[in-house]
Amino acid sequence: MVLTSDEAAAVKDELQGNFDLSGITLKMAAIDLKTTPEHIQDVLNLKNCRREEPWVLRNYLIQIILLQEKEPYAFSKLIGNPKRFGFLNNQFIEKGELN
């Protein structure tokens, strides 16, 4: 899935908004997702990451937010089941790690 610049900007805003809503730190997310804080920031910025990684981060953030009994912000492109996109590695997404 190729995103236009407007779509990419929206996805970045949605990821960042949910990250902020979750109340976690980059370090906490990095520990949970078995990566570095710098890489979490790259994924938030859609920079230097696999195409599956925003989905992994999205799923993680939704889980954290729901555990806090909050409502996550809606996503415009990272919606539904990623299995419908044949170009995504669903095993990577289901693993739930960014390493």
- Message: Checking Val43 against (1) loosely packed, with under 15 Cβ neighbours inside 10 Å; (2) of a type in the set (Val, Ile, Thr); (3) under 15 Å from Leu78 (Cβ atoms), only one condition comes out false. Which one?
- Response: (1)
- Task: Consider Leu57 carefully, then state whether it is in a loop (DSSP other than H, G, I, E, B), surrounded by 16 or more Cβ atoms within 10 Å (Cβ to Cβ) and in contact (Cβ under 8 Å) with a residue 40 or more places away in the chain.
- Result: no
- Message: I'd like the full set of residues that are out of contact with any Lys or Arg (no Cβ under 9 Å at 6 or more places or on another chain) and either part of a loop (DSSP other than H, G, I, E, B) or among the β-branched types (Val, Ile, Thr) (or both), limited to the range 45-54.
- Response: Lys47, Asn48, Cys49, Arg50, Arg51, Glu52
- Query: Which members of the range 20-35 meet the condition of being surrounded by 18 or more Cβ atoms within 10 Å (Cβ to Cβ), closer than 13 Å to Lys70 by Cβ and not hydroxyl-bearing (Ser, Thr, Tyr)?
  - Reply: Ile24
- Task: Could you list, in sequence order, all residues of the range 69-87 that are assigned to a loop (DSSP other than H, G, I, E, B), surrounded by 12 or more Cβ atoms within 10 Å (Cβ to Cβ) and either in contact with a strand residue (DSSP E or B) (Cβ under 8 Å, 6 or more places away or on another chain) or free of Cβ contacts under 8 Å to residues at least 60 places away in the same chain (or both)?
- Result: Lys70, Pro72, Tyr73
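Since every read-out is calculated from the coordinates, none of them should be taken as a lab result. As the structure is a prediction and not an experimental result, all values here were calculated from the model. Don't worry about glycine lacking a Cβ; one is built from the backbone with ideal geometry, like all the others, and counts go over all protein chains shown.
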